[in-house]
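Working notes for the structure below.
The values are calculated or read from the model by the stated rules, or taken from the named source; none is laboratory data. For clarity, every value in this text was computed on a predicted model and none was experimentally measured. Methodologically, a virtual Cβ is constructed for each residue, glycine included, from the backbone with ideal geometry; neighbour enumeration extends over all protein chains shown. Accessible surface areas use protein heavy atoms only, side chains included; no ligands, DNA or RNA. Shrake-Rupley method; radii C 1.70, N 1.55, O 1.52, S 1.80 Å.
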Amino acid sequence: MADRVTVIGWDGSPLTAAARSALGAATLVAGAAHHLTLPEVPPAAERIRLGSVALAARRIAGHRGTAVVLADGDPGFFGVVRTLRAPEFGLEVEVVPAVSAVAAAFARAGMPWDDAQVVVAHRRTLRRAVNVCRAHTKVAVLTSPGAGPAELGLLLEGVHRTFVVCEELGTDRERVSVLTSDKAIDHTWRDPNVVIVIGGPAGAPAGDSGWISGRDPGTGPRGWALPAQAYGGGLGEGETELLRAAQLARLGPRVGDLVWDIGCGSGAFATEAARAGAAVLAVDRDLEACARTDASARHHGVHLQIVRGTAPHVLENLPEPDVVRVGGGGVAVVSAVADRRPQRIVTHAATRDTAELVGRDLTEHGYRVECALLQSVQLDTRAWTETERSVAFLLSGVLPDRRP
């Protein structure tokens with residue numbers, strides 16, 4: 001095992017005294033090509049081109065001597081430190097940090113970033129990173145080859161965002177570009193790069209420093225399944241508070257998810273899914289329903305993409321969902337949704353016969369199905385008399401072979 005392992009962050013600035021001292025004593029140096037050409041790297045040291053961090057960690061674990069790993073930005077922030085400290089390698093490391101690429105990108109843009117979401121995009125997580133960009137006002141994306149600005153712009157089709165693309169930060173080839181997301185598709189971008197994605201509903205007022213990084217969980221009214229008054233009153237049959245609460249509980253929308261709300265009605269469910277941090281596509285054929293959904297989202301300060309059209313046909317060109325609420329359309333729409341293989345589906349039925357038809361279709365598609373009869377009775381607490389009663393069958397399907 002290496003006698004000593006030092007991880008040095010590099011942001012283009014001159015190395016600190018501590019970094020120069022560790023590098024001067026190194027018998028093994030791992031890093032990207034531009035790191036290994038630094039004049040401070042000892043000529044006699046073994047050099048490892050850093051591709052797979054796990055492979056480099058194995059080499060370092062078997063090295064007898066002093067090892068240094070060079071990494072861009074802050075190596076403890078979505079960086080190599082996590083892999084090097086993994087139990088299978090048994091490495092204890094010292095870290096000499098530098099300014100993170102995210103901090104440098106926001107500095108170049110002259111913007112604060114305590115209110116930003118920060119995500120990593122590579123081929124496996126690109127879709128979830130894009131969903132965060134759909135749902136949030138300010139996002140920093142640490143990209144990778146094949147999951148860069150062009151791919152982000154392509155998957156954000158139909159959602160207007162502004163990109164600040166920061167290429168090769170800290171080098172003499174550094175470049176900062178500001179453009180709309182649809183224009184990013186037409187460019188070839190140099191790696192490494194960071195993309196700041198801006199847009200959507202207005203955030204906190206200027207001068208409000210907040211108290212927690214990222215999205216403030218305390219914004220908006222407290223609680224779930226808000227009363228009809230929060231959405232202007234007059235909710236539809238499938239939008240009652242109890243049913244909505246049960247649907248939210250079954251789907252569990254969260255940051256990085258894309259939620260379809262088909263037959264969005266007043267937008268009550270779509271708005272509350274967006275309040276959880278998920279990206280939401282609200283679908284309805286009725287123009288007034290689309291307008292009410294847009295008004296609800298604006299009132300609660302969340303961003304939705306609203307698609308007007310008739311299901312199931314309108315669903316064909318929508319991006320892949322993680323979870324889906326079917327508020328209307330019956331068996332045909334549920335079947336079309338199941339064909340897209342979301343991890344979870346919820347819907348409701350007014351009769352047991354309809355519930356059985358929907359449940360059988362979900363089962364045939366490979367979903368594990370649950371059904372419950374929900375009954376709610378509202379009382380006027382001044383006289384304790386019944387004011388409203390609703391009954392619905394709640395159906396939920398979970399796809400066992402798809403990861404949550």
* Matching residues in segment 295-336 - criterion: being open to solvent by 60 Å² or more (accessible area, probe 1.4 Å) and charged (D, E, K, R) -> ARG298, ARG308, GLU316, GLU320
* To do: Answer yes if at least one residue in segment 170-186 is part of a loop (DSSP other than H, G, I, E, B), open to solvent by less than 30 Å² (accessible area, probe 1.4 Å) and over 28 Å from ASP322 (Cα atoms), and no otherwise.
  => yes
* Structure fact -> Being assigned to a loop (DSSP other than H, G, I, E, B) and either in contact (Cβ under 8 Å) with a residue 12 or more places away in the chain or at positive phi (or both) narrows PRO87, PRO42 down to just PRO42
* Asked: Within segment 107-137, how many residues turn out to be in a helix (DSSP H, G or I) and farther than 23 Å from VAL302 by Cα?
  -> 3
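So which residues in segment 271-289 are among the hydrophobic types (A, V, I, L, M, F, W, C), assigned to a helix (DSSP H, G or I) and surrounded by 20 or more Cβ atoms within 10 Å (Cβ to Cβ)? So that I can check it myself, show each step before the final result.
First, the residues of segment 271-289 that are among the hydrophobic types (A, V, I, L, M, F, W, C): 273-274, 276, 278-283, 287, 289.
Now drop any that are not assigned to a helix (DSSP H, G or I), which leaves 273-274, 287, 289.
Correct list: ALA273, ALA274, ALA289.
Taking the condition of being basic (Lys, Arg) and part of a helix (DSSP H, G or I), how many residues in segment 290-318 meet it?
Let us first name the residues in segment 290-318 that are basic (Lys, Arg), namely 292, 298, 308.
If we keep only those that are part of a helix (DSSP H, G or I) as well, we get 292, 298.
Here the count works out to 2.
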* Per-region count, segment 50-74, residues without any contact (Cβ under 8 Å) to a residue 24 or more places away in the chain and either more than 21 Å from THR171 (Cα to Cα) or part of a strand (DSSP E or B) (or both) -> 2
* To do: Please tell me if GLY203 is at pLDDT below 90 and in contact with a strand residue (DSSP E or B) (Cβ under 9 Å, 6 or more places away or on another chain).
  => yes
* Subset of segment 304-356 (residues that are touching a residue at least 40 places away in the same chain (Cβ under 8 Å) and basic (Lys, Arg)) -> ARG325, ARG341, ARG344, ARG352
* To do: Considering each residue of segment 123-143, count those that are modelled with pLDDT of 95 or more, closer than 17 Å to VAL164 by Cβ and among the polar types (S, T, N, Q), and give that number.
  => 1
* Applying the selection to segment 355-383, what residues are at pLDDT below 95, of a type outside the set (Val, Ile, Thr) and over 18 Å from ALA225 (Cβ atoms)? -> ASP380, ARG382, ALA383
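Taking the stated definitions as given, is ARG47 assigned to a strand (DSSP E or B) and either surrounded by 13 or more Cβ atoms within 10 Å (Cβ to Cβ) or at pLDDT 95 or above (or both)? Break it down into steps so the answer makes sense when it comes.
Values: assigned to a strand (DSSP E or B): yes; either surrounded by 13 or more Cβ atoms within 10 Å (Cβ to Cβ) or at pLDDT 95 or above (or both): yes.
Taking the combined requirement at face value, the residue satisfies it.
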* Asked: Can you pull out the residues in segment 375-392 that are of a type in the set (S, T, N, Q) and in a strand (DSSP E or B)?
  -> GLN375, SER376, GLN378, THR385, THR387, SER390
* **Among residues of segment 86-117, those that are within 15 Å of GLY214 (Cβ to Cβ), open to solvent by 20 Å² or more (accessible area, probe 1.4 Å) and touching a Lys or Arg at 6+ places or on another chain (Cβ under 7 Å), counted** => 2
